[in-house]
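Taken together, the values in this text are just the output of simple stated rules run on the coordinates, not laboratory data. As the structure is a prediction and not an experimental result, all values here were calculated from the model. As a convention, Cβ positions derive from the backbone with ideal geometry for all residues, glycine included, and neighbour counts pool all protein chains shown.
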Amino acid sequence: MASTFIPARGLALLTAGVLLLSGCAGSSVASDPSPSSSGSGSGFPATVMSCSEKLTFTEAPRKVMILNDTDASVLSMLDVLDKVTARAGNLDLEGYDINTATKLRALPQLKSVTGATGGATVSTETILDAHVDLVVGYDGGVDRAALRKAGVKLYSPDAYCDDEAPTDHASYDLVTKEVTKVGTMFGIQARARTLNAALDKQAADVKTRAAGKGATAAAFWVATDGGQVSAYGRSSMAQAAFDANGLENVYQSTEKRVFDVNMEDILKRDPEWIVLLSSGGNSSTITSTFEKFKGASQLKAVKSGHVVTMPYSYSDPATPLSVQGSEELAKLITR
């Protein structure tokens, strides 16, 4: 199931909106100074929650490693991607602006093992050899306790925290919360507030143009080999995109973020729109894979040509790309 990591995609449109709102000519979204190493008067000490662990920062992280593209869009839009000095796992760079994609490709790639869903697992020794002070990733990919003992922090976005109950109903507040947490870690709270203001405006603009008219919808992740289909409930960011566009999630009654389903259940719910979340460059084949499933031809969405694809990262986890996803969905259902 694709619930461990999510590849990230492009930022060009949202970046333009953020810069317009902030009046900045450069890549930073606000005018606060570069993260300082001094604790006094620079937002430090600061604390954020990483799942059930409280992380305390006395200065901004200097050397960061990311697993796959975890929070890469947040780091990029807050203009601290230069603090990332290493990465592990695969990158799906389709949709990134060329400058960001180039930076991510250029990062030294640490040795790792790739799991069935694409998530990376990295040994503690490998991480320590990279001399980083912060890992942005997930517990399934590293040994949190061993890193803590060695003085390296692990920050996991809320979406990756198995020890926390899922949010009851996802909204774009989860995005601004994530931006705030990352901004706090780096001592750039003003920059985070500016970005959040732009994201709030972007999300509100989508709602004013909502064209779903109450039609039913469902979002699915389909394994490349067609052997597994997962649906997204009301705690996923797919729910937020549906809400923004006036669509009714046929799996809204399920609190779980993501779960396996079969064609019998999909036929029973028979959504009018189907959104297939693509990753790893499978956007060109995912529709044909889904429509070849036995019984798929009987679905309203298939009959009406209402099966659309959208990058996986435009949904979960909650990042600025989730807001971009609501705009992308608006375009797809109005073509």
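So which trypsin sites (Lys or Arg not before Pro) in segment 91-174 end up in coil per DSSP with only 15 or fewer other C-beta atoms within 10 Å? Hits after loop and neighbour filter: Lys111.
Fully extending the segment from Met49 to Ala145, taken as 0.36 nm per residue of separation minus the present Cα-Cα distance, adds 33.0 nm. Between Lys268 and Glu248, the modelled label-to-label distance comes to 1.8 nm, taking each label 7 Å out from Cα in the direction of the beta carbon.
Taking the Cα centre of the chain as reference, the dipole from Cβ charges on Lys and Arg (+1) and Asp and Glu (-1) amounts to some 420 debye.
Principal axis extents of the Cα atoms in segment 198-335, from largest to smallest and rounded to whole angstrom, are 43, 30, 30.
Think of segment 210-332 as having a plus end and a minus end, set by charges on the Cβ of Lys, Arg, Asp and Glu; of Ser304, Met263, Gln228, Ser304 sits farthest toward the positive end of this dipole. In sequence order, segment 293-308 has phi-based couplings of 4, 4, x, 4, 5, 8, 6, 4, 4, 5, 4, 8, x, 9, 9, 10 Hz under the Karplus curve 6.51 cos²θ - 1.76 cosθ + 1.60, θ = phi - 60°, and Gly or Pro positions carry x.
Which translational diffusion coefficient, to the nearest whole µm²/s, is obtained for segment 117-258 from the Stokes-Einstein equation, given a Kirkwood hydrodynamic radius over C-alpha pairs, 25 °C and 0.890 mPa s? The estimated diffusion coefficient comes to 139 µm²/s. A cut-off of 5 Å between modelled amide H atoms, ignoring neighbours fewer than 5 places along the same chain, links Thr216 with Glu248, Glu272, Trp273. Take the convex hull of the alpha carbons in the chain; its mean projected area over all directions comes to 16.0 nm². Mind grabbing the base-10 log of I(q)/I(0) for segment 188-250 at q = 0.17, 0.18, 0.23 Å⁻¹? Debye formula, identical points on the C-alpha positions, no solvent, two decimal places. Taken in order of the listed q values, log10 I(q)/I(0) reads -0.72, -0.76, -0.91.
Annotation for segment 123-157 versus segment 312-335: alpha-carbon center distance of 30 Å.
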